[in-house]
Structures are given as structure tokens and as C-alpha cells.
Amino acid sequence: MIGEAGVPIVFEGRPPFADDPTGSNDEYIGAVVVGYWRGCLPTPAAVVVDRASGALTRALAGSHFAGEEGDVLTVLAPASPACERVILLGLGDEAELDPARLRRLGGIAAKALMESTGGRAVIGLGLDGFLAAQFAYGLRLRGHTPLNLRSRPDPDRPAGPAEIVVATSDPDAARNLFSRLESVAEGVHLARDLVAEPANRLTPQAMAEQAAALEALGVEVEILEDAALKAEGLGLLAGVGQGADNPPCLALLRWRGSGEEGQPPLILAGKGITFDTGGISIKRYDSLHEMKGDMAGAAAVLGAMRALAGRQARVEAVGVLALAENAVSGRALRPGDVLRSYAGKTVEIIDTDAEGRLVLADALAYACSRYRPAAVLSLATLTGAVVTALGRHRAGLFSNDEALAAKVLEAGEAADEPVWRLPILPQHDEDLASDIADTRNCAWGKVPDALHAARFLMGFIPEGVAWGHLDMAGTARTEEDLPLCPKGATGWGVRLLDRLVAEGWER
Amino acid sequence: MKISFAKPGLPGSGAVVVPVLEGRTLSALGAELDERTGGALGRAMAASRFEGKKDQSLTILAPANLGLSRVLLLGLGKAAEIDEARAQAFGAAAVANLASATDEEAAILSDVIDGNGLGSATFAAHAAFGARLRGYRFDKYRTKEKPEDKPALKKLVIQAEDHKEAKALFAPLNAVAEGVELTRNVVSEPANVIHPESFADEARKLADLGVDVEVLNEKQMKKLGMGALLGVGQGSERESQLVIMRWMGADKDNEAPVAFVGKGVTFDTGGISIKPAAGMEDMKFDMAGAGCVLGLMKALAGRKARVNAVGIMGLVENMPSGNAQRPGDVVTSMSGQTIEVINTDAEGRLVLADALWYCQDRFKPKVMIDLATLTGAIIISLGSEHAGLFCNDDDLAAKLMEAGQKSGETVWRMPMGDSYDKQIRSDIADMKNTGGREAGSITAAQFLKRFVKDVPWAHIDIAGTAWTKKDLTVTPKGATGFGVRLLDRLVADHYEDR
């Protein structure tokens, strides 16, 4: 099931084995997680657990565990206390404990807990309510099970804990904060699952249905079907989708959370190419299957809208999903074709594989004219060039507005989704000049295509509208496990957008 | 082309260049010229789209009542917006527009421009700087060029109320222009002419300006343990060289120097990881980083900059041969760190690794900046408008970005970090020399960083900016000399004694 909820996480004020060092009075405990600071200095819970039989001290003596951040040592079935395993977690330097570290530690703990075969997992790190919630957020993000379409379960995979208890000095505060963070995590998981979904299951229509499902949370959803796109003049979006049997559409999601009428909304627009063959300018066959994830920008927007609605954010937000399949067929768009955009500008198609900027251009222009936004963000797996430039650790940020750019940079750092600003240059108009139309969609050769794409998009943003564009082609997927995300789809962007809204737009 | 300065006045012959502000406002002499021609200038402007906006131009041939062959009107835009860059662009446009004319002499009537915040002497000096930079031509190998295809202009006179001050202000700019031209020359030269040894000879010529020049040969470098640099050059018949230039212009001889290190691969075939044939001729400019360091040292010495500066050039030729370095080879650098050579075409970083280490080891610089045409990835990342800046020090990065804005040679900062550093881990050595396509310029910078000790350091990737395929404002098509103006400005603003 898409966006499935994880193992229940609860907060308790009582540290593990606090009043019974043997654990015999406790209900069945699967795993216990205790912390050590740098230099192997035990936290109070670790001292309590070790007191029962000295199992931790003995295990530490024979290991390289040093209490550095991320160090993990598992002690199986200690003589006492009564539990399946004790997981020793290195916390790093006691001095500089920040929420980002707690989230990473939560992620590391989540991975270690996956080996557990059931029961309650109890975590005693001696955290206050705020940090306990951040830790639990990390647990939740890393603990997400990637979409699995295998016909039978893997018999070798452990069950994992049935419930996770995080001990904290302030369970109420932790619960309060975590309920909001958990909404964001649900948005992240939704985005990840959508990106992982193969394109035969996730068509533009299916993606629109996923959007419509948010109505249950109070989001107003409107879908512009293919005929409406043509009637409204969204020629770029219709053109990109014209080669596929699954028709294109535009999903509009409105969250009215400010409680005030007439407030200009924040627009979040995402590229949603449910599969990108490249079209007539067809891609090479290697790694082509990854192109099922070319809708990750739209997935991030959908995930962010779910997060905002889930936590009842006090903001006016509009999510726009530009949905199409870029297919090869007898009626597909050809190189050399000229399309008329919603904005009226004509575009010569040089490369049908530079399609993301086309669908986004129409989505942005349409949304700006309809909603008169306070600011606009666009997210897209837009160019290979941004991967050459920034790799997998940062997305590229382009903006026409210094203040907005600063906010996005800050939100990215705070939400563990860092971005790096790249320039938009007027000189590139020359590279995008067409002999026949107002512009062309890209240039050939060894060119800065990510910069070109941003310059192209900027031409569809009305004068005076603050706009930020995130090219997330490098960050939408990960080939290796990350602290907060298992290998696969990352759900990148949801946390950044949520943070941006929380810091910059909520009243 | 000879550039001189003179008092304002209408010449009786040749070409004249008249600055025009937005709104078709002529300078005082321009207005006088208009009057003497019976309003010909005004009529010509009215009959065209020329409004005096920046970068606009209009030529009026042989106006009546004067002996002038042509009047060239050049737009300057709004007076309040005139800065050094616009003055340079103005001078450059004058030369560019007169390139196809037959006049041997031209005068620029930059007498008085109301509201021009620069002042007429500064304006004139920078116009001269722009004219000289744009007037550059590398034509020594065109033996059959017809005279009419060559620019005729021999003498450019720039008028200013205080022409003596203009001349004095131009002197240091002229020295910088000479540095830029030296860089453009060595970068333009083909690789059968400029190879490591002949490049070192070019550096030796700076001794005339008071630069101390030393050259290390392969034997000496071997003794120092420069296995990374030597491995790159080992396939070539040409001997690798390390050139050390010192300009001691500071008040105190013991003042720690600022150091500049340049990649000088005089030709880059890619080695055994050979490049595709198409476009390989461009690889003669894979020494542009070293070319910049050479030109910069000439500029600093030429204008007697009050700074201690060290310029180091790692000069090699990267050739395939029976003795060439192979992919998979492991080399030991001067720092003692070992490197697995995955791709012999990622050779610039190997050369710089040893050059950087040597530089710090010997000179203990207060700041160290390297320049290199290092990665194709920087062209995909940033195009050709900005060079890529990688820096371990926010203060130095800010200074460089500011110097870039002021000099017109702009840089864009790129990120670094441990997560990128992981991409160059090797299974067999301390590191490998390539981290793959993703973040290719960043991983190259991470590689260099492993050879940087505790010193403020910047790496400037100029692969996209060292050469231009089209004419730019103050740079004709070809070698740009990128970096000389940027770093001269950095030194002038931050590292010179007052």
C-alpha cells in the first residue's frame, strides 16, 4: 500500500529497567537501545542495563566501539536483563548535540532495530522531549519499508519490532512535536512510494487519483483532463503527453489552512513525467528503467501537500502536478515541432527529451495566472547536467529572488536536504534562440543544460513573482543507504518544502 | 596599435569616436562636431535606432564640412551607471567597430561626460585598457593574409581634460594588459611550439622585469619525490618542468607570499585513456592555468606591485606511448600519499597535487590559489560565463568573488564536503584520481584539497572560461587570458602594502 504507516512509536517517561534491573517484571522486550558518548562514556540508562550482568562492559572490551556518532554494537541475549538484544549506540560528542544529529541517530537505530525479531523495542538515551521527537522522526524516516511488489514475503527478513518506545523526560512535549513530524514523514513516504511505483501502475491518471485521495484530509482537488488542457491552451503539457496512450493531465491541490479568505497562496509545482522514454529523441537503454522516477518533483509536491494538510499547517498552498507520459509512438511529438504554450509564447522542440521544462512551463504559467501567488516553487528531476554539477548530495537551486533563495537555502540545511545555488543568466537567451519560434527548449552539445532549463522556465514566470526552482535529478534516488533513507527513492523535497512553509509562510 | 592620451580637440583627419549617453546626449565635443557638420550626427541618430544605450553603435561615413573619414557614435547608457567595466567596454567597442575600417588613426572624444562618476581621467584610462584588450590579435602564423583583411588602425588617441593623469592611471593597467596578452599568446601557441621546455623559456624572460625564475627538471623533481607530476609526463618525449617564479615587491622580504599555482599540460591527448579525435586540437590550451600564472607574474612585476608573490607552473605533456602511465598504475606523490590512476585523462590534478605540495612546503604562503582547465564537468555545470570556485576559506572566497565582479572575470562558488570526498576512495591506494561523472568538478577539487595543508586555498576551474568561441566584450575570439585580471585585482585590493 502506498504511503503505509510504520511501526507505532510511543513516548514514555520511564527509562528501560528503571525500577527493575533484571527486566523480569517488564512485558516482553525485544531490543533495548542505550547510548554512549564519545570515549565510551555511558548514558545513565546504559549504566542501569549494564549493572544487571556486566554484559555491556564485557562486549565493549572486545570491540572497536568508541561512542563516535553512528557506532553500533549489538549484544545478543545478555544473561540479564531479560531481552532479546541490547543495541549500544554511539552518540558522538556530548557538547554539540543538535536536532540533525538526533535524526541521524534515530535513522541508525532504525536500521539496527530491523534485525530484531519482534516485541517492544525500548530506547533509553536520556533525551528531553524535543530531542526525543527528533530521534523518533529519524526512526520513522529510516524505518520506512520501500515499496515491495514481490509476490511472497522474504522468509529471511526479520519481523522487526512490533512497537518502539522512546523514553524521554517529557513524553507530552515529545508526543506533541512528533505528531507534526510524523505527518511530514507520511508525506515523505508517500513521495518515496510513488517514485518507486513502476510506470505501468502509476500512469498520469493514477497519480491524479493519488492526489484526489488527499481530499480525505481536507485538500480541494481539481483535475484538468486532456480535453481541458487543450481547451485552456496548455499546449506544452498536451504536446509532451500526446504520444502516450495514457493521456496527460494537470492536478491542482488547494490547501486552505490560513483561516483567512483572499490570502495569496504559495504555489508548489512539480514535474510529473510518469515515464520518460525521451520520446522520439529516445534515451539509451541503460538505466532507462529508472525513468519511472521522472515524476519525483510531482511526488514531492504531493507529499508536501499531504504533510501540510496532515499537520493542519496554517498556510494557503496550491500544489500543481504536471502529469504526462513521454512516450514514443506514431503520434508523438517530433523534434522541430513548434508548440504554443499557455503563456502564448511559441516553443520549438529541439530535443523531445527536454520535456520536463515544457510541462512545468505550462503548469507554472497557468497556476500563476489563476492563483496570483505570494511565491512559487518548482521541483523537477530536470537535467542530467545538475548531476554532473552537484552529484547526489545537493540539489540545484535557481531563483529570481534573493530573499526567497536565502529562505530555501536555509530550509534545505535545516531539513537535511541541502541545496546549492546556481546562476540564471540572461546571456543564455542567445543559446535558446530559435530561428522560427519565440524560443527553443534546449541547446545541443557541451552546454550548461541545468542553467538553460532554469532560464527557459523563468521566461514563463510573470514579472514580479518570486520564484525558486529546484533541480533534483541527483537527489530523487539514492544508490546507497543514507542515514535517513534506505536505498531507492528518497522522497526528496517534502521535508524542505514543509520546513520552508513552517519558517516562512505560516502565520 | 599605439595608444596615447591627448587634450580634447577636434582632429582634422582620421576617424573619431564619440560617446553618447542614453537619450542621444552628446559630449561637449560631440555637440560641437554635430554643429560643424550642420547637424549630421543628430539627423543620423534620428534616422536610426541608435539611442545611446549601452553597446549600441552607429557609423557615419565622411560627414560634410570636415576632413574626417568617419564618425563612430558609441552608446554609453546612463551617465550614473558608468563604471570601470563600461568604460572598458566603450574602448573595446571603439576598436571592434574600427577593425574593418581603413583608418590608421582614430581619436576618442571622451572629453567631458556630464554626471560620469568615474571622472574623465579614469574613464579614459579604462577605455584605453578595454581598447588594448580587445585589440589583441594572434596572427603570427597567417603568412598570406591580405593587407585589407588586417585591422588598419595603428594609432588610437584618447582625449581627456586631464590627459596626463589619464596616462598615469593607464600605466599599471597597461602592465596588466601586457600580462593578459602574454597569457593569450602562450595559450594560443600550438603544442609543437609551446611544450614544457619552451614554456619554461618564456618564464625565464620575466627575469628582465626583476622576477626570479627557477626551473626544476625531471631529475630534480624525482629527487623531491614528485611521482604524481612525473607520471603524467613520462609518456612524452618532452621533459617535464616545474617553474618557480618569485616577485618580491613587498616592503619586507620576509613577508609570507601569496602563491599562484597553474596546471600546464602543454598538450593533453588524454594519455592511454585517449580522448576522441573531434575537438582534440583544443587540448593545446590545457596549459591555460599555467599561462595565467605566467601572465599574472608579468602583470605584477610590470606594475611593480608591492607584494611578495610566488608563481608555480607544473609543465608536462600528456602523451600515449610505450612508456606512458597506464590506468591502474599507482603513483606516490611528494606528500607521500599514494594515488591510483583510474583515468590517465584526469591528469591535471596529478600535476597540481605535487605543485601545490611543493609550494606550501617551500614557501609557506599566506594564501594559495590554483588555476586549471581541470574538468569538462565545469562547462556542463556553469557554462562559460563563470569559472568554478572551490575554496576552503569563506573570507578568501568572498574576496575572489568580489574581485571577479570588479574585474569582469567572474567566479561562481561550488560546494565541497566529505560526502563528495568519499567518491575518490580507492581500493588499493590512498585515493583514486577520478570520482566518476557525477559532481566531476567537485570531486576533482576534493582531490586537490587532500594536498592542501592548513592554508587558505582556492581552486579555480577555468575549463569553460580559458577559451572563447565568440568575441566577448573585451576579449576577441580565442584565448581569453582568464584569471590575470581577476587575480591582479585580488592582489591589488587585499595583499599589497599601502
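The values are calculated or read from the model by the stated rules, or taken from the named source; none is laboratory data. From a predicted model like this one, the values you see are computed outputs, not experimental measurements. Ideal geometry is used to build each Cβ from the backbone, glycine not excepted, and the neighbour counts take in all protein chains shown. Areas reflect the complete protein model, heavy atoms only, side chains present, ligands, DNA and RNA absent. Shrake-Rupley method; radii C 1.70, N 1.55, O 1.52, S 1.80 Å.
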>> Suppose we keep just the DSSP beta bridges with both residues in chain A; what percent of those would be antiparallel, to 5?
In response: 40 percent
> Just which residues of region A:375-389 lose 50 Å² or more accessible area with every protein chain there, against their chain alone, with the probe set to 1.4 Å?
Replying inline: A:T388, A:A389
>> Quick check for you: with a 1.4 Å probe and neighbouring chains kept, what is the accessible area per residue of region A:361-448, in Å²?
In response: 36 Å²
> If you stretched the chain out fully between A:T74 and A:A433, how much longer would it get, using 0.36 nm times the residue separation minus the C-alpha to C-alpha distance?
Replying inline: 123.1 nm
> How much accessible surface area, in Å² rounded to 10, belongs to the heavy atoms of A:R394 with a 1.4 Å probe?
Replying inline: 40 Å²
> How high is the FRET efficiency from A:V10 to A:T57, r the C-beta distance, R0 45 Å, rounded to 0.05?
Replying inline: 0.90
> Peptide B:384-397: average number of partner chain Cβ atoms within 10 Å per residue?
Replying inline: 1
> If we count every other residue with Cβ under 15 angstrom of B:I272's Cβ, Lys/Arg +1 and Asp/Glu -1, where does the sum land?
Replying inline: -4
>> Can you give me the angle between helix A:356-371 and the longest principal axis of chain A, using Cα atoms only, in degrees from 0 to 90, rounded to the nearest 10?
In response: 90 degrees
> Heavy-atom accessible area of A:D172 with all protein chains present, probe 1.4 Å, nearest 10 Å²?
Replying inline: 100 Å²
>> At 7 Å along Cα-to-Cβ for each site, give me the label-to-label distance between B:A398 and B:K146 in nm.
In response: 5.8 nm
> Net charge near A:E182, counting Lys/Arg +1 and Asp/Glu -1 over other residues with Cβ under 9 Å of its Cβ?
Replying inline: +2
> In whole percent, how big is the carbon plus sulfur part of the accessible area of the protein assembly as shown, probe 1.4 Å, protein atoms only?
Replying inline: 49 percent
>> Below 19 Å, Cα to Cα, which lysines can B:K298 reach? Residues fewer than 8 away in the same chain don't count.
In response: B:K205, B:K263
>> Debye calculation, C-alpha points only, no solvent: report log10 I(q)/I(0) for region B:116-203 at q = 0.12, 0.13, 0.14 Å⁻¹, in the same order as the q values.
In response: -0.53, -0.60, -0.67
> In region B:427-444, which residues give up 40 Å² or more of accessible area once the other protein chains are added, compared with their chain alone (1.4 Å probe)?
Replying inline: B:R437, B:E438
>> Taking the solvent-accessible surface of protein heavy atoms with a 1.4 Å probe, what is the per residue accessible area of region B:326-472 in Å²?
In response: 34 Å²
> Can you give me the relative contact order of region A:222-350 as a percent, contacts being Cα pairs under 8 Å and 6 or more apart?
Replying inline: 38 percent
>> Over region B:196-305, with the other protein chains present, what is the accessible area per residue in square angstrom, probe 1.4 angstrom?
In response: 39 Å²
>> Which lysines, if any, have their Cα less than 23 Å from the Cα of B:K146, not counting same-chain residues under 8 positions apart?
In response: B:K2, B:K154, B:K155, B:K470, B:K477
>> Can you tell me what share of the DSSP beta bridges in region B:244-347 is antiparallel? A percent to the nearest 5 is fine.
In response: 45 percent
>> If you take the accessible area of A alone plus B alone and subtract the pair, what total do you get in square angstrom, rounded to 100, with a 1.4 Å probe?
In response: 1900 Å²
>> What figure, in Å² to the nearest 10, do you get for the accessible area of B:H126 with a 1.4 Å probe and non-protein molecules left out?
In response: 20 Å²
> What are the lysines whose alpha-carbon lies under 18 Å from the alpha-carbon of B:K252, with same-chain residues fewer than 8 places away excluded?
Replying inline: B:K304, B:K364, B:K366
